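The structure appears right after this line, and notes come after that.
All of the numbers you see were taken from the coordinates with simple rules; none came from a lab. Remember, predicted model here, so these are calculated numbers, not experimental data. Cβ placement follows ideal geometry from the backbone for every residue including glycine, while neighbour counts extend to all protein chains displayed.
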Amino acid sequence: MLAGLALLGAMPATAAEIKVTIRDMMFEPAALRARVGDTLVIENTDDTAHQVFVATRGHSIDLGGQKKGEVRRYTVRQAGTFDLECVPHGHMSAKVEVTP
Ligand SMILES: [Cu+2]
């Protein structure tokens, strides 16, 4: 435990990976903050396939079909706010706030 804390303290304040889990047809967490350069690491734990996309100008992406257990990565390149959504499941949404 102490060694782990020391290691964390030594890590430079650079880009982070932020885990997003798709579970029970929802994003977890449903709202998150990131900094420019951080990478969202999105894992689908559902039996159902998902397809994550962002429609917001300047952030738009389509991560393609994603089966159970598959992981997609999205590095945010611009400050702003956008929603992660899912092509086949219109109710799925997660708000992402990106700061410089
Ligand atoms: Cu979905």
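Please go through region 6-90 and write out the GluC sites (Glu not before Pro) that DSSP classes as loop and that have at most 16 other C-beta atoms within 10 Å.
Hits after loop and neighbour filter: GLU70.
Each peptide in 44-50, 92-98 receives the mean, over its residues, of other Cβ atoms within 10 Å, and ordering these scores from highest gives 92-98, 44-50. How much net charge surrounds VAL20 when only other residues with a Cβ under 9 Å from its Cβ are counted (Lys, Arg +1; Asp, Glu -1)? Once positives and negatives cancel, what remains is -1. Modelled spin-label separation between ARG35 and HIS91, with each label point placed 7 Å from Cα along the Cα-to-Cβ direction: 3.7 nm. When you restrict to C-alpha pairs under 8 Å that are six or more residues apart and normalise by the size of the chain, the relative contact order lands at 29 percent. Each residue of region 36-46 is assigned a 3J(HN,Hα), and the resulting list reads 3, x, 6, 10, 7, 10, 9, 10, 9, 9, 7 Hz, derived from the Karplus form 6.51 cos²θ - 1.76 cosθ + 1.60 (θ = phi - 60°), x at Gly and Pro. Using C-alpha pairs under 8 Å with a sequence gap of at least 6, the mean separation divided by the residue count of region 45-100 gives a relative contact order of 34 percent.
Kindly work out what percent of the DSSP beta bridges joining two residues of the chain are antiparallel, to the nearest 5. Of those bridges, close to 65 percent are antiparallel.
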